[in-house]
Amino acid sequence: MGARKMFNICISLVIFSSTWPEKPFFLADKVYRIPNSSVDTKLLFLKDDTLLVASLTSKGDTNLYRLRKGENLEFFKKIDDHINQLAYGAETDSCFFSTNSGLIFKINKSNDFQIEEIVNCKQRISRIWISQNESRIIAAGTDGRIFDIDVRLKRIKKTYHSNQKYAILSIDVDTKHEIMYFGTADAMIYKYDFNKNKSTQEYGIHTGKVNKIILHDSAAKMLSLSGHGSIIDTELGNNKDKKVYDLPMEPVIDAKLINNILVVAWEGGFMTMHNLADGKMDFVNKKELYLSIFSFACSNDLKILAIANKFNELKIYKKK
């Protein structure tokens, strides 16, 4: 770790040590070694707490593993490409994923984790969004194209052009109003109206790239998290912004919103939890810095936390 990064971590410890809880929220349970060297790892919990692990190798392929209750980490499939994102399918408790080459697949849990190809976008896909009933996928290409995909027919229904020169890093969709919000590498958030086939509004509320967007409160509000360490909650009806948290110059790796609790992983090794109802914040564990995080996942009841790091470790923590 560089001196500058360590300095930032030490400063953060001084600033926020007084707010840390007396006891850790999660306690270490098990550590698994991910076979082969990973250049990145993606994680996703299913409803029964089965954890899916996608380990991207330096050879350009991805090894898929599953971790079921009471069992060891089990390899079940090799994909001859890098997986960009794992996305949850709520209707069938399954997993969708996109690849560098533009393919989108579904892992069918009900069919012994068989993998089914959905569509080929023929363009690298940076982010995908899945509708609640799994009938629709919105996929954002790295060239700014947005693909509206009919899952049941396995075809691209419509292609939109966002005219973006910068990478789309995060998306979420308001299905009631047919509007997509997406954050980009140029620190902007855009509102794209599918009915009008164009961007209708811009939000310049961040100073760093927008790494995560989460619509909540029936899509009346939008959480956005940036590469410069700010978390902002925007009321979309009146564009009123509320800063939830700020850790200057500390990029957000990823975030999950579960039952009004926002869980955030920071590049410096911190993990925080924010209760949106009362505005309270706690560090996940004051005794440990989660250094070199690739990704994390939480179970649906927030009782299990999984973290994959750059040392080829998969760490499992359980709620105290």
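The values are calculated or read from the model by the stated rules, or taken from the named source; none is laboratory data. Quick caveat, the model's predicted, so the values are computed rather than measured. Heads up, the Cβs are rebuilt from the backbone with ideal geometry, glycines too, and the neighbour counts pull from every protein chain shown.
Within the range 62-99, can you find the residues that are polar (S, T, N, Q) and farther than 26 Å from residue 133 by Cα? Break it down into steps so the answer makes sense when it comes.
Filtering the range 62-99 down to residues polar (S, T, N, Q) leaves 62-63, 72, 84-85, 92, 94, 98-99.
Result: 62, 63, 72.
Restricting attention to the range 159-177, which residues are polar (S, T, N, Q), more than 21 Å from residue 256 (Cβ to Cβ) and not in a loop (DSSP other than H, G, I, E, B)? Talk me through it step by step, then tell me what you get.
Residues of the range 159-177 polar (S, T, N, Q): 159, 162-164, 170, 175.
When the remaining residues are screened for being more than 21 Å from residue 256 (Cβ to Cβ), the result is 159, 162-164.
159, the sole residue that qualifies.
Within the range 242-261, take every residue that is over 12 Å from the mean Cα position of the chain (by Cα) and among the aliphatic types (A, V, I, L, M) and give me the one that is surrounded by the most Cβ atoms within 10 Å (Cβ to Cβ). Steps first, answer last, please.
First, the residues of the range 242-261 that are over 12 Å from the mean Cα position of the chain (by Cα): 242-251, 258-261.
Add one more test, that the residue is among the aliphatic types (A, V, I, L, M), and what stays is 244, 247, 249, 258, 261.
Working: 244: 17, 247: 22, 249: 15, 258: 13, 261: 14.
For the range 242-261, the residue satisfying everything is 247.
Return yes or no: is residue 218 of a type outside the set (Val, Ile, Thr) and more than 30 Å from residue 159 (Cβ to Cβ)? Give the steps one after another, and end with the answer.
Details: of a type outside the set (Val, Ile, Thr): yes; more than 30 Å from residue 159 (Cβ to Cβ): no.
The answer is no for residue 218.
Does the range 226-240 include one or more residues that are of a type outside the set (Val, Ile, Thr), in a strand (DSSP E or B) and closer than 26 Å to residue 124 by Cβ? First the steps, then the outcome.
Initially, the range 226-240 is screened for residues of a type outside the set (Val, Ile, Thr), giving 226-230, 233, 235-240.
With the extra rule that they be in a strand (DSSP E or B), the set shrinks to 226, 230, 233, 235, 240.
Among the residues that remain, those that are also closer than 26 Å to residue 124 by Cβ are: 226.
Yes, the range 226-240 contains at least one residue that is of a type outside the set (Val, Ile, Thr), in a strand (DSSP E or B) and closer than 26 Å to residue 124 by Cβ.
Hey, among the residues in the range 141-158 that are assigned to a strand (DSSP E or B) and of a type in the set (Val, Ile, Thr), which one's nearest to residue 201 (Cα to Cα)? Break it down into steps so the answer makes sense when it comes.
Residues of the range 141-158 that are assigned to a strand (DSSP E or B), as a first pass: 141, 145-150, 155-158.
Add one more test, that the residue is of a type in the set (Val, Ile, Thr), and what stays is 146, 149, 156.
Details: 146: 17, 149: 24, 156: 25 Å.
If we take residues in the range 141-158 being assigned to a strand (DSSP E or B) and of a type in the set (Val, Ile, Thr), then 146 is nearest to residue 201 (Cα to Cα).
From the residues in the range 197-208 that are in a strand (DSSP E or B) and polar (S, T, N, Q), which one is surrounded by the most Cβ atoms within 10 Å (Cβ to Cβ)? Break it down into steps so the answer makes sense when it comes.
Residues of the range 197-208 that are in a strand (DSSP E or B), as a first pass: 198-203.
With polar (S, T, N, Q) added as a condition, the list becomes 199-201.
On the way: 199: 16, 200: 11, 201: 13.
Only one residue fits best here, namely 199.
Report the residue count in the range 37-66 for those that are farther than 24 Å from residue 108 by Cα, surrounded by fewer than 18 Cβ atoms within 10 Å (Cβ to Cβ) and touching a residue at least 60 places away in the same chain (Cβ under 8 Å).
Of all residues in the range 37-66, those farther than 24 Å from residue 108 by Cα come to 37-39, 58-59.
Checking which are surrounded by fewer than 18 Cβ atoms within 10 Å (Cβ to Cβ) leaves us with 37, 39, 58-59.
Next, from what is left, pick out any that are touching a residue at least 60 places away in the same chain (Cβ under 8 Å): 37.
Residues in the range 37-66 being farther than 24 Å from residue 108 by Cα, surrounded by fewer than 18 Cβ atoms within 10 Å (Cβ to Cβ) and touching a residue at least 60 places away in the same chain (Cβ under 8 Å): 1 in total.
Might you let me know whether the range 116-128 holds any residue that is at pLDDT 95 or above and either of a type in the set (S, T, N, Q) or over 24 Å from residue 61 (Cβ atoms) (or both)?
Scanning the range 116-128 turns up at least one residue that is at pLDDT 95 or above and either of a type in the set (S, T, N, Q) or over 24 Å from residue 61 (Cβ atoms) (or both).
Within the range 87-97, identify whether any single residue is touching a Ser or Thr at 6+ places or on another chain (Cβ under 7 Å), among the polar types (S, T, N, Q) and over 30 Å from residue 201 (Cα atoms), and answer yes or no. So that I can check it myself, show each step before the final result.
Within the range 87-97, the subset touching a Ser or Thr at 6+ places or on another chain (Cβ under 7 Å) is 92.
Next, only the ones that are among the polar types (S, T, N, Q) stay: 92.
Among the residues that remain, those that are also over 30 Å from residue 201 (Cα atoms) are: 92.
So far as the range 87-97 goes, yes, one or more of its residues are touching a Ser or Thr at 6+ places or on another chain (Cβ under 7 Å), among the polar types (S, T, N, Q) and over 30 Å from residue 201 (Cα atoms).
Evaluate the following for residue 60: is it at positive phi, modelled with pLDDT under 95 and not aliphatic (A, V, I, L, M)?
On the way: at positive phi: yes; modelled with pLDDT under 95: yes; not aliphatic (A, V, I, L, M): yes.
Taking the combined requirement at face value, the residue satisfies it.
Surrounded by 17 or more Cβ atoms within 10 Å (Cβ to Cβ), at pLDDT below 90, under 22 Å from residue 44 (Cα atoms) and among the polar types (S, T, N, Q): which single residue out of 211, 285 fits that description? Working first, answer last.
Numbers: 211 fails: at pLDDT below 90.
That would be 285, the only listed residue that is surrounded by 17 or more Cβ atoms within 10 Å (Cβ to Cβ), at pLDDT below 90, under 22 Å from residue 44 (Cα atoms) and among the polar types (S, T, N, Q).
Among 104, 118, which is the only one that is within 25 Å of residue 159 (Cα to Cα), assigned to a strand (DSSP E or B) and more than 18 Å from the chain's Cα centre (by Cα)? Don't jump to the end; show me each part of the working.
On the way: 104 fails: more than 18 Å from the chain's Cα centre (by Cα).
From the options 104, 118, the qualifying one is 118.
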